[in-house]
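Peer 1: I have a structure I would like to understand better, so I am pasting it below and will then ask my questions one at a time.
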Amino acid sequence: MTIPTLAMNSGYDIPQVGYGVFKVPAHDTERAVSEALALGYRHIDTAAVYGNEEGVGAAVRASGIPRDELFITTKLWNDRHEGDQPRAAIGESLDKLGLDHVDLYLVHWPTPARNNYVEAWQGLVALRDEGLTRTIGVSNFLVPHLERIVAETGETPAVDQIELHPTYQQREVVAWAADHGVLIEAWGPLGQGKYDLGAIPAVRGAADAHRKSPAQVVLRWHIQKGNIVFPKSVRVERLRENMDVFDFELSDDEVTAIDALDPGDGSGRVSAHPDEVN
Ligand code: NAD
């Protein structure tokens, strides 16, 4: 199965569906990523803090897939924003992954109380210029954080990876990103399994109409919104299901019905708010 790509402002393309390995246990990561690669996934989203970069690297090596056919993302953790720390941190990640560069390196959280995300962003610009990552971006950045890094460095991130799913759609960040040519990566695209997608009539109705699962309907909604997704599962049948979203299309009415699921007051969020993570 060929997964479509989107063009980033760096000139590189990113597969719109990948496999995210948050909470995949280190001892199980090589197996899970190997199964994903065998199914046709080519985009893997990990992070230093996930503790499983070695398993990703082992699966990549064992796969024999040419490096330029893979898209590997990892992320800079919060206590490494300053001075030479980003360089040291990406060096450690590359060693664990067994790679000489990643495709995308992200500032994992803005940690606003530390007030050093501009320095972290400058650090990533230098890493990109040295070729240690092809493309740079951010994660969990809200509009004030995005405005500030662009104003102070002149460098616009290629992506912002944010919590985004039917009950929490981040309309302000999405609108800013669209205006600035920044792609949205939706983390927790299925709401992290914290609410029952199949119990939502708009999702259930579309699933029945298209003979797809509720998860596939929600992933398809993300695709049609232009979001990049990398749903997490350790089960091969779900890995297969989660990439099988390119043989049907939601109607405008079906998309609009899912658009309406965000209550608009922030109460649909299922995980940490960027201001709380420092
Ligand atoms: P997710 O929305 O992908 O939910 C994962 C859960 O959904 C699974 O544990 C499983 O219970 C369920 N699930 C998966 N496939 C399913 C299917 N086909 N049918 C029914 N249920 C299914 O949440 P996530 O793992 O938090 O997010 C995906 C990826 O996003 C992560 O693995 C990670 O790479 C990234 N992420 C990034 C951040 C960040 O701060 N940048 C935070 C969280 C996650």
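No value in this document is a laboratory result; all are computed from the given coordinates. Bear in mind the structure is a predicted one, so any value in this text is a computation, not a measurement. Note that we place each Cβ from the backbone using ideal geometry, even for glycine, and neighbour counts take in every protein chain shown.
Peer 1: Hey, any idea what the orientation-averaged projected area of the convex hull of the stretch 31-188's Cα atoms comes to, in nm²?
Peer 2: Hull-based average projected area comes out at 9.5 nm².
Peer 1: In what order do Trp187, Trp221 fall by count of nearby beta-carbon atoms within 10 Å, going from fewest to most?
Peer 2: Numbers: Trp187 21, Trp221 26.
So the ranking, lowest neighbour count to highest, is Trp187, Trp221.
Peer 1: Something else now. Considering only Cα-Cα distances, which of the following residue pairs are longer than 20 Å: Lys23/Lys194; Lys194/Lys225; Lys75/Lys225?
Peer 2: Lys194/Lys225; Lys75/Lys225
Peer 1: Still on this structure, I have one more. How much length would be gained if the chain were fully extended between Glu119 and Ala7, taking 0.36 nm per residue of separation minus their Cα-Cα distance, in nm to one decimal?
Peer 2: My answer for the length gained is 37.7 nm.
Peer 1: Taking the Cα centre of the stretch 129-244 as the origin, how large is its charge dipole in debye, to the nearest 20, when only Lys and Arg (+1) and Asp and Glu (-1) carry charge on their Cβ atoms? Write out the running numbers ahead of the final one.
Peer 2: Working: 13 positive and 15 negative charges, 155 e Å.
It comes to approximately 740 debye.
Peer 1: Would you mind computing Rg(Cα) / (2.2 N^0.38 Å) for the chain, counting N as its residues?
Peer 2: Compactness ratio reported: 0.96.
Peer 1: Another question, then. Gain in length, Lys225 to Arg171, computed as 0.36 nm per residue apart minus the alpha-carbon separation, to one decimal in nm?
Peer 2: Once the chain is fully extended between Lys225 and Arg171, it gains 18.3 nm.
Peer 1: Moving on. Lys and Arg at +1, Asp and Glu at -1: add these up for the other residues within a Cβ distance under 11 Å of Asp259 and post the number.
Peer 2: Once positives and negatives cancel, what remains is -2.
Peer 1: Oh, and also: For every helix of n ≥ 4 consecutive DSSP H residues, a contribution of -39,500 (n - 2.57) applies; sum these over the chain, divide by its total residues, and give [θ] at 222 nm rounded to the nearest 500 deg cm²/dmol.
Peer 2: -12000 deg cm²/dmol, from helical runs alone.
Peer 1: Once the piece of chain linking Lys23 and Asp252 is laid out straight, how much longer is it, given 0.36 nm per residue of separation minus the C-alpha distance between them?
Peer 2: Values: separation 229, 0.36 × 229 = 82.44 nm, distance 3.44 nm.
Length gained between Lys23 and Asp252: 79.0 nm.
Peer 1: While we're on this one: How large is the charge dipole for the chain, taken about the Cα centre, if only the Cβ atoms of Lys, Arg (+1) and Asp, Glu (-1) carry charge, to the nearest 20 debye?
Peer 2: Numbers: 25 positive and 42 negative charges, 130 e Å.
Computed about the Cα centre, the dipole is about 620 debye.
Peer 1: Where in the stretch 211-270 are there trypsin sites (Lys or Arg not before Pro) that are in a DSSP coil and have at most 13 other Cβ atoms within 10 angstrom of their Cβ?
Peer 2: Passing both the DSSP loop test and the Cβ count: Arg211, Arg235.
Peer 1: If you don't mind, there's one more thing I want to ask. With point charges of +1 on the Cβ of Lys and Arg and -1 on the Cβ of Asp and Glu, referenced to the Cα centre of the chain, which listed residue (Thr156, Leu39, Gly264) lies farthest in the positive direction of the dipole?
Peer 2: The residue sitting farthest along the positive end of the dipole is Leu39.
Peer 1: Moving to a separate point now. Using all alpha carbons of the stretch 19-121, what is the percent of pairwise distances in each 10 Å bin, ordered from the shortest bin to the longest?
Peer 2: 16, 48, 27, 9, 0
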